[in-house]
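Undergrad: Below are the structure tokens for one structure; questions will follow.
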Amino acid sequence: MKICVIGTGYVGLVTGTCFAETGNDVTCVDTDKSKIDRLQKGEVPFYEPGLGELVTRNVGEGRLRFSTAVDSGISEAVISFICVGTPSSSDGSADLKAVEAVAEQVGKAAPKGAVLVLKSTVPVGTAEECTKILNSMKRADIHVVSNPEFLREGTAVQDCLIPDRIVIGTLDMAVSALLRELYSPFVRTGHPVFAMDHKSAELTKYAANALLALRISFMNEISMICEKEGADIANVREAIGADHRIGPQYLFPSVGFGGSCFPKDVRALTAHAREIDVEPRLLQATLDVNEAQKQAFVGRVLRHFGGEASAKGKRVAIWGLAFKAKTDDIRESPALTVIDGLLAAGMKLHVFDPVANANAKVVYGDRLTYASSTYGALEGAAALCVLTEWNQFRHPDFGKIKSTLASPVIFDGRNLYDPQALKKLGFTYYSIGRPPASN
Ligand code: NAD
């Protein structure tokens with residue numbers, strides 16, 4: 001099948017490459033010339049495990065190409081996938097400018113009977129809006145499908161090739177069959193394909209992200225209660241996760257959720273609910289708890305140093321900038337909130353992330369010192385904050401950490417370590433929802 005993917009970011013590049021991997025002819029287009037230049041030189045412009053190899057193979061075998069010529073990509077495709085960003089507007093709602101602009105371009109350039117697939121995360125009513133745009137351009141022959149994406153950065157290739165489910169939002173049987181055919185290699189092991197109306201498909205994506213974010217905020221709120229009461233969130237988590245009605249996923253307490261999806265999508269659903277006179281109490285609470293959790297981490301660090309005035313000028317090391325492991329994406333990473341809070345208190349920060357230092361540099365410039373190695377960040381620091389759950393931070397050389405830090409203090413935003421073990425090693429150790437450990 002001839003496919004055009006519009007927006008060659010985390011979703012577009014992975015999706016386009018996986019379609020090429022199953023034999024389709026794919027053109028990925030983007031208005032960002034520097035991104036396309038890099039892709040044309042064989043570079044993947046962001047970190048995503050396993051993606052580079054797949055891109056190289058499919059480009060080499062002639063099934064995948066990159067271009068800034070959006071119209072010409074669309075004009076040759078049977079299906080155009082919209083994968084552009086849908087960032088938050090100032091009121092929290094999804095900014096649909098890029099989606100609507102691309103829908104118009106599809107209206108201008110697509111061949112007769114083409115299919116426009118909305119893969120970007122978009123609020124209920126967007127497919128209808130795009131249909132109106134196309135109708136106003138006398139392009140009622142173009143079918144609009146809502147086909148939300150559920151991949152996770154860090155495991156995006158695997159998630160795309162073996163998705164838990166596919167959602168196809170259209171009531172047109174022929175178009176639905178075309179999409180089923182396209183996805184059939186990915187669901188051979190029996191994972192379901194759900195066909196439904198546009199609106200249900202659009203809402204499915206937001207509901208999924210909101211529920212996952214809600215579970216995290218719920219556990220973070222329980223972790224606050226644990227801290228006050230001297231209970232241990234790890235015990236609580238394991239015992240409730242063993243209940244098959246609850247399950248163990250997304251119950252890990254942390255410094256808060258971040259990334260380019262959960263915060264923006266919960267905000268967008270909150271804004272949308274208010275627009276239609278539904279008071280989104282749980283959604284708002286999910287956001288509020290998350291913000292409080294990030295601020296609580298900053299408060300814990302400042303309190304340890306005796307408050308803002310005495311923390312001023314002290315140096316702290318930070319391990320982890322990405323919003324989660326296995327990605328270089330720092331969009332709305334909780335690390336940024338912690339960094340902002342500590343910088344505002346006048347602290348000096350030495351940071352290290354295995355792949356996200358460069359992205360942080362774009363945001364913070366020389367306000368941070370960027371270490372090129374894990375232990376390099378620790379030199380002369382009065383404490384270490386662990387903010388991303390990278391595997392390489394899970395079993396570090398604690399002897400080396402202790403001898404390199406100016407004082408043996410760890411603030412763990414991901415509960416990677418055993419409090420009693422760290423206490424024995426002579427650390428003062430703070431984590432989430434567990435009593436602090438020190439001698
Ligand atoms: P991204 O920022 O990585 O990529 C978007 C790309 O679209 C950019 O390269 C940008 O240059 C390009 N673009 C913007 N306007 C354009 C236009 N008019 N024409 C052509 N290209 C244009 O974004 P992303 O993380 O890939 O997310 C894309 C969408 O998918 C969002 O709606 C997001 O919510 C959703 N989504 C993201 C993830 C994820 O993990 N990142 C997962 C599921 C769904």
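The values are calculated or read from the model by the stated rules, or taken from the named source; none is laboratory data. What you are looking at is a predicted structure, and each value in this text was computed from that prediction instead of being measured. So basically every Cβ, Gly included, is an ideal-geometry build from the backbone, and we count neighbours across all protein chains shown. Please note that ligands, DNA and RNA were not included when accessible areas were found on the heavy atoms of the full protein model with its side chains. Shrake-Rupley method; radii C 1.70, N 1.55, O 1.52, S 1.80 Å.
Undergrad: If you go through the range 369-378 one residue at a time, do you hit one that is in the same structural domain as Phe427 (by TED's automatic domain parsing), closer than 21 Å to Gly259 by Cβ and assigned to a helix (DSSP H, G or I)?
TA: Looking for residues that are in the same structural domain as Phe427 (by TED's automatic domain parsing), closer than 21 Å to Gly259 by Cβ and assigned to a helix (DSSP H, G or I), one finds none in the range 369-378, hence no.
Undergrad: Identify all residues within the range 210-268 that are surrounded by 16 or more Cβ atoms within 10 Å (Cβ to Cβ), within 16 Å of the ligand (Cβ to nearest atom) and of a type in the set (A, V, I, L, M); write none if there are none.
TA: Residues satisfying the conditions are Ala210, Leu212, Ala213, Ile216, Val266, Ala268.
Undergrad: Which pairs have Cβ atoms under 8 Å, sit 6 or more apart or on different chains, and link a residue in the range 278-300 that is open to solvent by less than 20 Å² (accessible area, probe 1.4 Å) to one that is outside any helix (DSSP H, G or I) and of a type in the set (S, T, N, Q)?
TA: Close Cβ pairs (under 8 Å, with a partner that is outside any helix (DSSP H, G or I) and of a type in the set (S, T, N, Q)) amount to Gln293/Ser254.
Undergrad: So which residues in the range 213-270 are part of a helix (DSSP H, G or I), under 17 Å from the mean Cα position of the chain (by Cα) and among the hydroxyl-bearing types (Ser, Thr, Tyr), if there are any at all?
TA: Residue satisfying the conditions is Ser217 alone.
Undergrad: Output the number of the condition that Ala377 fails; it satisfies all remaining conditions of (1) small (Gly, Ala, Ser); (2) in contact with a Phe, Trp or Tyr (Cβ under 6 Å, 6 or more places away or on another chain); (3) open to solvent by 40 Å² or more (accessible area, probe 1.4 Å).
TA: Only one criterion is unmet by Ala377, namely (3).
Undergrad: Would you confirm whether any residue within the range 134-143 is assigned to a strand (DSSP E or B), under 26 Å from Gln105 (Cα atoms) and not acidic (Asp, Glu)?
TA: Checked the range 134-143: at least one residue is assigned to a strand (DSSP E or B), under 26 Å from Gln105 (Cα atoms) and not acidic (Asp, Glu).
Undergrad: Moving on to the next point. Of the residues Asp141, Asp164, only one is outside the structural domain of Lys326 (by TED's automatic domain parsing), surrounded by fewer than 20 Cβ atoms within 10 Å (Cβ to Cβ) and within 14 Å of the ligand (Cβ to nearest atom); which?
TA: Only one candidate qualifies: Asp164.
Undergrad: If you scan the range 19-42, which residues turn out to be in contact (Cβ under 8 Å) with a residue 12 or more places away in the chain, assigned to a helix (DSSP H, G or I) and surrounded by fewer than 24 Cβ atoms within 10 Å (Cβ to Cβ)?
TA: Within the range 19-42, Glu21, Lys33, Lys35, Ile36, Leu39, Gln40 qualify.
Undergrad: Next question. Being closer than 20 Å to Gly259 by Cβ, within 12 Å of the ligand (Cβ to nearest atom), open to solvent by 20 Å² or more (accessible area, probe 1.4 Å) and not charged (D, E, K, R): is that true of Pro45 here?
TA: yes
Undergrad: For Phe150, all conditions in the list (1) surrounded by fewer than 19 Cβ atoms within 10 Å (Cβ to Cβ); (2) away from the ligand (no atom under 16 Å from the Cβ); (3) touching a residue at least 40 places away in the same chain (Cβ under 8 Å) hold save one; what is the number of the exception?
TA: (2)
Undergrad: Scan the range 10-17 and tell me whether some residue there is over 19 Å from Val145 (Cα atoms) and more than 10 Å from the ligand (Cβ to nearest atom).
TA: yes
Undergrad: Now, a different point. Of everything in the range 77-123, what is touching an Asp or Glu at 6+ places or on another chain (Cβ under 7 Å), within 14 Å of the ligand (Cβ to nearest atom) and assigned to a loop (DSSP other than H, G, I, E, B)? Give them in sequence order.
TA: Thr86, Pro87, Ser89, Lys119, Thr121, Val122, Pro123
Undergrad: Just to be sure before I move on: is Phe19 at pLDDT 95 or above, over 22 Å from Ser184 (Cβ atoms), out of contact with any Gly (no Cβ under 7 Å at 6 or more places or on another chain) and not small (Gly, Ala, Ser) in the structure I sent?
TA: The answer is no for Phe19.
Undergrad: Any residue at all in the range 271-280 that is on the phi < 0 side of the Ramachandran plot, more than 23 Å from the chain's Cα centre (by Cα), assigned to a loop (DSSP other than H, G, I, E, B) and of a type in the set (D, E, K, R)?
TA: yes
Undergrad: Could I ask something else about it? Within the set of pairs 6 or more residues apart or between chains, which connect a residue that is at positive phi and touching a residue at least 24 places away in the same chain (Cβ under 8 Å) inside the range 310-328 to a residue that is in a helix (DSSP H, G or I) and open to solvent by less than 10 Å² (accessible area, probe 1.4 Å) with Cβ atoms less than 8 Å apart?
TA: From residues that are at positive phi and touching a residue at least 24 places away in the same chain (Cβ under 8 Å), the pairs are Gly320/Ala335; Gly320/Phe393.
Undergrad: Also, I was wondering about something else. Just the residues that are exposed (fewer than 15 other Cβ atoms within 10 Å of the Cβ) and in contact (Cβ under 8 Å) with a residue 12 or more places away in the chain, please, taken from the range 332-362.
TA: Matches in the range 332-362: Leu343, Gly346, Ala358.
Undergrad: Which of the residues that make up the range 397-434 are in contact (Cβ under 8 Å) with a residue 40 or more places away in the chain and more than 20 Å from Gly306 (Cβ to Cβ)?
TA: Gly413, Arg414, Asn415, Ile432, Gly433, Arg434
Undergrad: Okay, next question. Out of all the residues in the range 190-205, which are of a type in the set (Val, Ile, Thr) and not in a helix (DSSP H, G or I)?
TA: Of all residues in the range 190-205, those of a type in the set (Val, Ile, Thr) come to 193, 204.
Listed by number, the list holds a single entry, Val193.
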